[in-house]
Amino acid sequence: MPHLPLSPARRLPRAATAEPAWMRRLLIAGTLGLLGLLVLAPLAAVFAEALRDGLAAAVTALGNRDALAAIRLTLTVAAVAVPLNAAAGLAAAWAVTKFDWRGKAVLITLIDLPFSVSPVVAGLAFVLLFGANSALGAWLVAHGHPIVFAVPGIVLATLFITFPFVARELIPIMTEQGRAEEEAALTLGASGWRTFLTVTLPNIRWALLYGVLLCNARAMGEFGAVAVVSGKIRGKTTTMPIMIEMFYNEYLSVAAFAMAALLAALALVTLTLKSALEWRYADQLAATHRH
């Protein structure tokens, strides 16, 4: 019996990859061109300006006392803020995905709040709360524990800005995985801590690591909130982004671009590490997303 042609209404939908070759090439070329213009060209310009007077001049500029202080402070703030946000993000994701309770929607909204609030506004809020003109801030200053215009204020501002990254990486994964495995472990007599270490953590370790990497990159590069709460005290409360601005405003172009190149290099190391982990453990990552 001869096969009759399908009617237009019964024809199979065209595959998503069935576009003409010229259209695929145009889309790819347009995407690469846009990325080159917005990402690669500015990045290359930063490194070119940093090395304009040679590598020795760039290294000498980074060896400046103020530059070294800014680098140490940036790394210190990241070393404090990232582990705290990893723990807080993990706790928030656990509360959202493993329990049913009133107010869960409010918690999710609060987690997203740093994404919607301007960093400058967040910094100003910390100044109003902990500044010397507030009752709490005056008490802290009087007892030798200033928050604003000191390292603790920078840490608090960084914690606020980077808080959503870990939680937002974990919540979709933990929601997709559900609660069945944890409930089975508890039914078999495992304690809550052992259930977390042997069941939950192995299933979310890659999402947790991604969140930590993103949190670290943002912590090192944050400018707006930190600029408000730090007071920009040279050698004491200037992080790398603030020091870049100060060098540039003082027409120290080599020092400004050398530090910018170093900050960009740290971000590239973070992205390279993330990409390497994705490539090395692709099978485990795919299995994690299938659970």
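The values are calculated or read from the model by the stated rules, or taken from the named source; none is laboratory data. Not measured: the values here are computed from a predicted model. Reconstructed Cβ throughout: ideal geometry from the backbone, glycine too, with neighbour counts over all protein chains shown. For the accessible areas, the whole protein counts, side chains as well, though only heavy atoms, and no ligand, DNA or RNA atoms are used. Shrake-Rupley method; radii C 1.70, N 1.55, O 1.52, S 1.80 Å.
Among A78, A217, A180, which one shows the highest mean-square fluctuation when the chain is modelled as a Gaussian network with alpha-carbon springs under 10 Å?
A180
For the stretch 175-214, which whole percent of the accessible surface, found with a 1.4 angstrom probe, sits on carbon and sulfur atoms?
65 percent
Indicate the helices, whole DSSP H runs only, in the chain that combine a mean Kyte-Doolittle hydropathy of 0.5 or more with a Cα extent along their long axis of 24 angstrom or more.
65-98, 151-177, 201-221, 253-280
What's the Kirkwood radius of the chain in Å, using all Cα pairs?
One decimal place: 22.7 Å for the Kirkwood radius.
Under the rule of -39500 (n - 2.57) per DSSP H run of 4 or more residues, summed and divided by the residues of the chain, what mean residue ellipticity at 222 nm is obtained, to the nearest 500 deg cm²/dmol?
-24000 deg cm²/dmol
Are there trypsin sites (Lys or Arg not before Pro) in the stretch 69-102 that DSSP puts in a loop and that have at most 11 other Cβ atoms within 10 Å, and which ones?
Those that pass, being in a loop and sparsely packed, are R102.
Using a probe radius of 1.4 Å on heavy atoms only, what accessible surface per residue do you get for the chain? Whole Å² is fine.
59 Å²
Run down the aspartates and glutamates and flag those whose C-alpha is under 13 Å from the C-alpha of K274, throwing out any fewer than 8 positions away in its chain.
none
Reachable aspartates and glutamates from K104, Cα under 16 Å, same-chain residues fewer than 8 places away excluded?
Candidates past the 8-residue exclusion: D112.
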